[in-house]
Structure formats: C-alpha cells, structure tokens
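One structure below.
The values are calculated or read from the model by the stated rules, or taken from the named source; none is laboratory data. Since this is a predicted model, take the numbers as computed values, not measurements. Cβ placement follows ideal geometry from the backbone for every residue including glycine, while neighbour counts extend to all protein chains displayed. To get the accessible areas, we keep the full protein, side chains included, count just its heavy atoms, and leave off ligands, DNA and RNA. Shrake-Rupley method; radii C 1.70, N 1.55, O 1.52, S 1.80 Å.
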Amino acid sequence: MKKYISFIFLFIFGIFLASCNESDSYKLSVSGPSGAPSVCVADMMNKYSDEYDFNLSLDASTGLPSAFSEKESDVIIAPINLGAKQYANNKTYKLSAVLTWGNLYLASRKENFKLEDLNNHEVYFFGEATINAVIVNYILEKKNITPSNIEYLESTVLTQAKLVSDENAIVLIAEPILSQTISKKEGISYISVQKLYQEVSNKNSYPQAGCFIKASTIDNHKKVIDLFLSRLEASASKVTSNPEEIAQTVIDLKILSTPFNVTLNALPNCNIRYVKALDAKDDIESLVALKKELFGKEMPIDEFYYE
C-alpha cells in the first residue's frame with residue numbers, strides 16, 4: 001500500500017514538474033510593426049533574443065490585422081483601436097499595457113508656421129481610418145480650424161515627401177520620420193498634436209499603441225507572460241532613462257534606419273511610456289468616445305484589460 005501511495009505521489013509530482021518546466025521554457029512569439037512602437041522592445045531584443053521569437057516588420061495596414069486574425073502570435077504590438085476592434089469581434093487578445101502616447105506632428109516649411117495657417121488651406125494627412133485622423137480632426141474642430149481640403153495619403157512617408165517637395169505644404173507627419181526630414185531639409189517648423197490634444201481634452205495625451213496578449217497564452221503560460229511584461233516595462237523605461245544606448249540599439253537591430261543623432265533626437269518625441277492597461281482605462285475610454293466605430297462600435301468591456 002505504501003509503495004502504491006508513493007507511486008501516486010511521484011506520478012503527480014512528475015506531472016507538476018513537467019507542467020512547470022513547460023511553462024518556464026515556453027518561447028513567446030512577439031509581432032509588431034517597425035518604427036516607434038517597436039522601440040519599446042529594443043532593450044529586450046538585445047538581451048533576450050534567445051528567449052523570444054521577435055517579428056517586428058509587419059506592415060501596419062495589412063500585416064497587423066492579419067496577425068490578429070491568424071491568431072498565431074502570443075504577443076502583438078499594435079494600435080489601440082485595432083486591438084480593441086479585434087477583441088470586440090473574437091475576444092482573442094487582451095490589452096496588457098499602453099506603450100506609446102502619440103508621435104504625431106503638424107509640419108510645414110511656411111515661415112512662422114502656426115495652427116491658424118491650416119484655415120482655408122489644403123492639408124495632407126495620413127491614416128484616414130485610424131486614431132491619427134480621429135485625433136487631428138477632433139483638435140481642429142475644438143480649435144475652430146477649417147482647412148479648405150484634407151487629402152489623405154497612405155502613409156507618413158508620403159506626407160514627408162510632400163513636405164520636402166512643396167514649401168507651402170502643411171502635413172501630418174510622425175516620428176521618427178519628422179526628425180529624419182528636419183536633418184535633411186532646412187526651414188521645417190512643427191506643432192505637437194499631443195500638446196494640442198492636451199489643450200482641448202484636459203488629458204495628458206492619448207493612448208496610441210499597446211501590447212496585446214493572446215488570452216489562451218495567458219491561461220497556459222501566465223508566469224512567462226508576467227516575466228515578459230516586467231521586462232517590457234523595463235525596456236520601455238530605458239528609452240527615457242538611457243536614450244543614447246537605446247538609440248544605438250535600435251540602429252544595430254535595424255528597428256529604425258535613421259542615423260544615431262537623428263534617432264536620439266526623435267526618441268523623446270515618440271512619447272514612449274509603459275502604462276498598465278487598467279491604469280490607462282480612462283484615457284482609452286475618452287478616445288473611444290470620439291469615434292466608437294474604430295474600436296468595434298462599443299466601449300471595451302472590463303475583460304479587455306489584462307490585470
């Protein structure tokens with residue numbers, strides 16, 4: 001009888017150890033776009049490349065939606081509205097943290113450029129069906145600014161080209177491309193969209209992109225997820241605490257292709273700040289209220305936020 005009990009104990013203990021080992025050794029797959037959002041994981045990529053499978057080259061317009069629909073990645077870095085919309089549809093990925101708080105700027109080569117210059121002037125924006133457009137149009141409405149026409153281009157690369165080629169153009173542009181353009185073209189002035197949003201909303205800024213975790217991975221490998229998130233928070237914090245090291249790291253890892261000085265100047269304007277999902281809930285709900293259609297036509301439910 002004692003031998004039988006001992007056998008049962010060893011059997012159960014063996015299953016427990018196997019479960020722990022499986023959890024400890026599970027290799028998370030991490031997907032996201034190149035550019036500012038992926039700067040958050042630069043330090044992690046540098047230190048833990050053997051522990052995680054990183055793919056940070058997804059196209060924002062097609063690659064990220066596919067990543068959510070294919071459900072193969074454990075972690076996806078993506079715009080808040082895209083993640084909220086997928087959760088409303090299938091409840092697959094939860095928001096764990098907001099990582100970027102706006103990297104948008106209105107820019108022009110016009111002399112003494114100011115916001116009022118947009119009145120009765122053609123402007124070039126990008127991201128027509130994204131947070132970008134929602135935020136900028138909300139600001140223009142609150143500031144009583146009415147352009148003569150808004151032309152939406154496919155990406156900030158195209159608004160950059162317009163800024164370079166036309167000295168009278170007014171464009172919406174994102175970091176780090178803004179800093180890259182300033183380094184090559186004289187006479188560019190810019191206005192922070194984030195500061196304008198703060199003025200009209202009484203919010204510090206708006207949640208732009210975040211980290212989404214597959215719900216089934218949370219259930220099966222919670223310790224691995226929690227370790228990943230603690231490392232992610234440290235990695236994102238390092239963008240502010242040691243920008244020189246991060247600037248070199250993102251260049252070495254080809255997250256950004258800009259020169260060191262340009263990258264270093266761009267990092268503060270990327271507004272990278274790790275905030276736990278629940279702590280960002282009020283800011284997210286304020287954003288959703290501006291245009292619910294972009295977020296799945298409803299306010300995200302409590303289960304959307306990973307604790």
Return only the number of the condition from (1) part of a helix (DSSP H, G or I); (2) in contact with a helix residue (DSSP H, G or I) (Cβ under 8 Å, 6 or more places away or on another chain); (3) loosely packed, with under 14 Cβ neighbours inside 10 Å that Val262 does not satisfy. (3)
Can you tell me which residue within the range 202-237, out of those that are open to solvent by less than 30 Å² (accessible area, probe 1.4 Å) and small (Gly, Ala, Ser), is modelled with the lowest pLDDT? Ser205
From the list Pro268, Pro300, which one is of a type outside the set (Ser, Thr, Tyr), surrounded by fewer than 17 Cβ atoms within 10 Å (Cβ to Cβ) and more than 15 Å from Val41 (Cβ to Cβ)? Pro268
Among the numbered criteria (1) closer than 21 Å to Asn220 by Cβ; (2) assigned to a helix (DSSP H, G or I); (3) at pLDDT 85 or above; (4) open to solvent by 50 Å² or more (accessible area, probe 1.4 Å), which one does Ala18 miss? (3)
